[in-house]
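Some notes on the structure that comes next.
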Amino acid sequence: MQYIRYQEQDLLCEDVPLSELAEEFGTPLYVYSKNQIVENFRAIKAPLAEINSVVCYALKANSNPAILALLAEEGAGADVVSAGELSLALNAGFAPGRIAFAGVGKREDEIEYALKNDICIFNAESTQELQLISLVAMRLGKKARVGLRVNPDIDAQSHPYITTGLKENKFGISAGEAFAAFQFAAGLPALEVVGVHTHIGSQIVKVEPFIEAARFVAGLVGKLREAGIMVQHIDFGGGFGVQYVNVLTHEGLPHENPGATPPPPGDFVGAILPILKETGCSIWFEPGRSIVANAGVLLTNVLYTKENGTKKFIIVDAGMNDLLRPALYEAYHQIVPVKIATYEHEKVDIVGPICETGDFFARDRMFAKVKRNDHLAILTAGAYGYVNTSNYNARPRPAEILVNGGKVRIVRERQTLDQLF
């Protein structure tokens, strides 16, 4: 079910008109659908019901404490990449035995913090990191469970900034060095080598790269076992793509080029699972975007419209400090009026107030004619939205709202000017 939808001319999140939220709480404003998040999580979890598995939510996508608590209650594990994310996960109620610590640059104090909290596994990315984990574990009198992140040199066919499985990427241990790295890890004191980790990228819209990666991992598990390294755990990462174009259709909206439409997340899992199941390992996935992206919108207010003889601009009160993705790598987000008042369209740039030319949300896009104080919704903003906010230009961070049916809850207050000091 689509929980962010038009009801006649009005855009709703579940049962609540977004125009009412914009008026009551102001803009810029992040709004999330609780039931969309739950539905997305359950869709990924369903194909895994009959096997030893954990769906670990990737906190980097959206770490709002209310959303974390919701997913912990649903039985999710947590994929964390810093001590801060680990602290958030523990405080939200995620079980330590269902937490994986990834990341290419773990500090010694972060490793110590994770060991003291008895997390399930470190996904290590270099031999130096393995040595450090072993040293810290020895000092604490503990045994550290580790998996090795292997870079299989598979093209995720995604944006270069979010492709992580190619040999030129900084992540993981190269496929050619993986076997030697596992042998090295097995010889270190205070380490228990339990698994293989891979994550080839983000916003992947085709099944084929995942199938190729699954075959690689299954083959590596077999080779390791033949050598006496009895791994029993596969962490396959995440990266399941979501739809950003034509998310919403309405007779009053201009048609958008549909581009590549990704399969539902459950279809990705279903395609990979037969290959991974043959290993007999426990299977962990680390989705983030596919759980929260389409559950969130960023509401913004039209401040001004203007023309310069060449272009027409819609200037809104949200900026790149509120949603960085378009400025960072020209990511596309569908943008729609909160109330459809006209079927007339024009070509515009939708831009923010930040003193940067790169502060834009859309360029040369057909859009409904709008006027000052109209509200717009930037769709599919639930992932990599608030987590990338900043105080650039000394702008306070926006508020966050969680909607459950007709109920509305503030899950993060708007930052005040006094809090900038």
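The values are calculated or read from the model by the stated rules, or taken from the named source; none is laboratory data. Just so it is clear, the model here is predicted, and its values are computed rather than measured. Here the Cβ is made from the backbone with ideal geometry for all residues, glycine too, and neighbour counts use every protein chain on show.
Details
- The set of residues in segment 332-348 being more than 17 Å from Asn257 (Cα to Cα) and either modelled with pLDDT of 95 or more or buried (at least 20 other Cβ atoms within 10 Å of the Cβ) (or both) consists of Pro337, Val338, Lys339, Ile340.
- Qualifying positions in segment 81-100 - surrounded by fewer than 19 Cβ atoms within 10 Å (Cβ to Cβ) and in contact with a Phe, Trp or Tyr (Cβ under 7 Å, 6 or more places away or on another chain): Ala83
- Among the candidates Lys45, Lys116, residue that is out of contact with any Ser or Thr (no Cβ under 9 Å at 6 or more places or on another chain), surrounded by fewer than 23 Cβ atoms within 10 Å (Cβ to Cβ) and among the basic types (Lys, Arg): Lys116
- Thr279 vs. criteria surrounded by fewer than 18 Cβ atoms within 10 Å (Cβ to Cβ) and either closer than 19 Å to Gly75 by Cα or not aliphatic (A, V, I, L, M) (or both): no
- Counting only strands (runs of 3 or more DSSP E) that sit completely within segment 227-326, zero hold 1 or more residues that are at positive phi.
- Residues that are part of a helix (DSSP H, G or I), farther than 17 Å from Ile234 by Cα and modelled with pLDDT of 95 or more, drawn from segment 184-220: Phe184
- Of Thr357, Thr380, all but one fail to be within 24 Å of Glu307 (Cβ to Cβ), among the polar types (S, T, N, Q) and outside the structural domain of Ala61 (by TED's automatic domain parsing); the exception is Thr357.
- Residue ID - nearest to the chain's Cα centre (by Cα), chosen from residues in segment 43-68 that are of a type outside the set (S, T, N, Q) and assigned to a loop (DSSP other than H, G, I, E, B): Ala49
- Of all residues in segment 25-42, none are within 23 Å of Phe101 (Cβ to Cβ), assigned by TED's automatic domain parsing to the domain that holds Leu273, more than 16 Å from the chain's Cα centre (by Cα) and assigned to a helix (DSSP H, G or I).
- Boolean, Asn123 is at pLDDT below 95, under 23 Å from the mean Cα position of the chain (by Cα) and of a type outside the set (A, V, I, L, M): no
- Pairing each residue of segment 326-346 that is of a type in the set (Ser, Thr, Tyr) with any residue that is in a strand (DSSP E or B) and surrounded by 14 or more Cβ atoms within 10 Å (Cβ to Cβ), provided the two are 6+ apart or on different chains, yields C-beta distances under 9 Å for Tyr332/Ala362; Thr342/Ala368; Tyr343/Ala368.
- Criterion: in contact with a Cys (Cβ under 9 Å, 6 or more places away or on another chain) and not assigned by TED's automatic domain parsing to the domain that holds Val247 - qualifying residue of Val387, Val403: Val403
- Residues in segment 1-53 that are under 16 Å from Ile335 (Cβ atoms), touching an Asp or Glu at 6+ places or on another chain (Cβ under 7 Å) and either free of Cβ contacts under 8 Å to residues at least 60 places away in the same chain or not small (Gly, Ala, Ser) (or both): Thr27, Pro28, Tyr30.
- Considering (1) in the same structural domain as Pro337 (by TED's automatic domain parsing); (2) under 25 Å from the mean Cα position of the chain (by Cα); (3) among the aromatic types (Phe, Trp, Tyr), the lone condition that Trp284 does not fulfil carries the number (1).
- Of the residues Gly97, Gly105, the single one that is small (Gly, Ala, Ser) and either part of a loop (DSSP other than H, G, I, E, B) or modelled with pLDDT under 95 (or both) is Gly105.
Residues checked against (1) touching a residue at least 60 places away in the same chain (Cβ under 8 Å); (2) surrounded by fewer than 21 Cβ atoms within 10 Å (Cβ to Cβ); (3) within 23 Å of the chain's Cα centre (by Cα):
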{"residue": "His197", "(1), (2), (3)": "yes, no, yes"}
{"residue": "Pro209", "(1), (2), (3)": "no, no, yes"}
{"residue": "Gly222", "(1), (2), (3)": "no, yes, no"}
{"residue": "Phe240", "(1), (2), (3)": "yes, no, yes"}
{"residue": "Gln243", "(1), (2), (3)": "yes, yes, yes"}
{"residue": "Leu253", "(1), (2), (3)": "yes, yes, no"}
{"residue": "Glu256", "(1), (2), (3)": "yes, yes, no"}
{"residue": "Pro263", "(1), (2), (3)": "no, yes, yes"}
{"residue": "Val269", "(1), (2), (3)": "yes, no, yes"}
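- Qualifying positions in segment 360-383 - among the aromatic types (Phe, Trp, Tyr) and crowded, with 23+ Cβ neighbours inside 10 Å: Phe361
- Identity of the residue in segment 119-157, among the basic types (Lys, Arg) and either out of contact with any Asp or Glu (no Cβ under 6 Å at 6 or more places or on another chain) or assigned to a strand (DSSP E or B) (or both), that ends up surrounded by the fewest Cβ atoms within 10 Å (Cβ to Cβ): Arg139
- Residue in segment 287-308 that is modelled with pLDDT of 95 or more, surrounded by 15 or more Cβ atoms within 10 Å (Cβ to Cβ), of a type in the set (Ser, Thr, Tyr) and within 30 Å of His197 (Cβ to Cβ) present: yes
- Test: residue in segment 312-331 that is surrounded by 14 or more Cβ atoms within 10 Å (Cβ to Cβ), in contact with a strand residue (DSSP E or B) (Cβ under 9 Å, 6 or more places away or on another chain) and more than 24 Å from Tyr386 (Cβ to Cβ): yes
- Residue check, Ala83 within 15 Å of the chain's Cα centre (by Cα) and either modelled with pLDDT of 95 or more or of a type outside the set (Val, Ile, Thr) (or both): no
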